[in-house]
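Inspection log for the structure reproduced underneath, given as structure tokens.
The values are calculated or read from the model by the stated rules, or taken from the named source; none is laboratory data. Source: prediction; values computed, not measured. Quick reminder, even Gly has a Cβ in these numbers, built from the backbone with ideal geometry, and neighbours come from all protein chains shown. To get the accessible areas, we keep the full protein, side chains included, count just its heavy atoms, and leave off ligands, DNA and RNA. Shrake-Rupley method; radii C 1.70, N 1.55, O 1.52, S 1.80 Å.
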Amino acid sequence: MADDEEIVREVLSTLLTSENYSVDLAHNGTQALEKVRETEYGVVLLDLMMPDVDGLSVLEEFTRMEASPPTIVLTAFGSIEKAVKATKLGAFDFITKPFKNDEILLAIKNALSHRHLLEENIRLRESLRAKYNFRNIIGKSAPMQQVFDLISQVAPRRSTVLIQGESGTGKELVAKAIHAASSRADRPFVAINCGNIPSELLESEMFGHVRGAYTGATTAKKGLFEVADGGTLFLDEVATISLEIQAKLLRVIQEREFRRLGGLENIKVDVRIIAATNIDLLEAVHEGRFRDDLYYRLNVIVVKIPPLRERVEDISLLADHFIKKYCEENERERCVLSPGALGALMDYRWPGNVRELENAIERAVVLAPEKVVTAEFLPKHVTSSSSPTPDQSPDENLPLKERVTNFERAIILSALDKTDWNQKKAAELLSVNATTLSEKLKRLKIKNR
């Protein structure tokens, strides 16, 4: 609390101490600045008229600090002009002397609530940024490492990005990672699945509309371009957009402005566009379903996400991640996959990619009664497409050592088959070095073709 009048300092100190607040006192602006630089305060009560450095100068210094507390300005010389100036400099509230105790206490309570809300918002933004950081996308395979490298290169730029990948590969997750690693991370990330919205409604959803634009438009509405201003707009299934709306999208990209449906005013926006598709856009251009000029605008930087079948070495990592996630969600002890269940997952082709794998793991975690999740709790189409596993093999009466050896041989043979018997690639797939694999081949008497 900073005030050059001793009586005011004493009155406020007594009042606030009685309310269980911890109070530090300053008798001028210079002392107030020193204390705020040294200590983190919840709220500052600041007299406007002080000798040496006045309250407005203190507020101005606060604006240069990385983090300053909410400030309540006190003055015996209340004026609209000074209140406006104090507010522009970041003052939370403005109270004239003589003040009522209840008025001061309410202002402090509101200022503390405001501070807590701001801190919570900062923590939430940091949490979301960490959650969608590309370093948290799971994948150790070479194709995914290439994706990570490209994300780190394109994220700081403004350029439009086109993400290509089959359904379920995680296109939106990559889009969020690009946004989180960009300078727009504190601004909105807005996603829209263009394929889920009828064409007649998509234009209004993207660009908004004015009142009376169509039957039922009783009020004006902002579109997603306005909502995403300063941030990122993610257009999933961009290939499904009609040719008419494609023309309007092209104009926004080129001119950075648009008109609401039924409106005459041009609205300027600063939005980075990330688009995604699971089809060949160039083929759609050749077939006349997609504008070539829009294609070249979107196709500036292309991030191709490999299907899960092309990064088999990531399956065990992903499965472990989903096991942990769904054990926590279902409030049960951490589960583990049996070797047979993991073998089945490795052998399956995953047409639905990571999304299908996640669904399979969630199902298994919910259904498995024991800590070890066996293959029988995976979807039938997953296990029926794979080779016999130790969970369902006919040699279950053999000694454990023989069963483990047989299973190890089956896993190695499967990896060799997948890599056309390229031992170096098979070793990478199995996450072992080539020397170790070579020794195992000799021990298990597996001969090259």
Quick one: is SER338 more than 30 Å from the chain's Cα centre (by Cα), open to solvent by less than 20 Å² (accessible area, probe 1.4 Å) and more than 22 Å from ILE137 (Cα to Cα)?
yes
I need a count of the residues in the range 1-18 that are in contact with a helix residue (DSSP H, G or I) (Cβ under 7 Å, 6 or more places away or on another chain) and either open to solvent by 90 Å² or more (accessible area, probe 1.4 Å) or over 12 Å from ILE108 (Cβ atoms) (or both).
2
LEU117 passes all but one of the listed conditions (1) over 22 Å from LYS222 (Cα atoms); (2) at pLDDT 90 or above; (3) not basic (Lys, Arg); the exception is number (2)
For GLU328, which of the numbered conditions (1) assigned to a helix (DSSP H, G or I); (2) more than 20 Å from ALA177 (Cβ to Cβ); (3) open to solvent by less than 80 Å² (accessible area, probe 1.4 Å) fails to hold?
(3)
Residues of the range 101-119 classified as more than 21 Å from GLU40 (Cβ to Cβ) and open to solvent by 70 Å² or more (accessible area, probe 1.4 Å), total
4
Filter the range 285-320 down to the residues that are of a type outside the set (Phe, Trp, Tyr), open to solvent by less than 40 Å² (accessible area, probe 1.4 Å), over 30 Å from VAL336 (Cα atoms) and in a helix (DSSP H, G or I) and list them by number.
VAL285, LEU294, LEU298
All positions within the range 261-278 that are open to solvent by 50 Å² or more (accessible area, probe 1.4 Å), more than 26 Å from ALA180 (Cα to Cα) and not polar (S, T, N, Q)
GLY262, LEU264, GLU265
State which residue pairs qualify: first residue assigned to a loop (DSSP other than H, G, I, E, B) and inside the range 418-441, second residue surrounded by 18 or more Cβ atoms within 10 Å (Cβ to Cβ) in any location, beta carbons under 6 Å apart, and separation of 6 or more residues or different chains.
THR419/ALA426; LEU430/ALA415
What strands (runs of 3 or more DSSP E), lying completely within the range 189-281, carry at least 1 residues that are free of Cβ contacts under 8 Å to residues at least 60 places away in the same chain?
189-193, 232-236, 257-259, 266-268
Only one of SER393, SER414, SER386 is at pLDDT below 90 and part of a helix (DSSP H, G or I); which?
SER414
Only residues in the range 349-365 that are surrounded by fewer than 16 Cβ atoms within 10 Å (Cβ to Cβ) count as the first member; pair them with residues that are at pLDDT below 95 and part of a helix (DSSP H, G or I), Cβ under 7 angstrom, at least 6 apart or cross-chain, and list the lot.
ARG349/ARG309
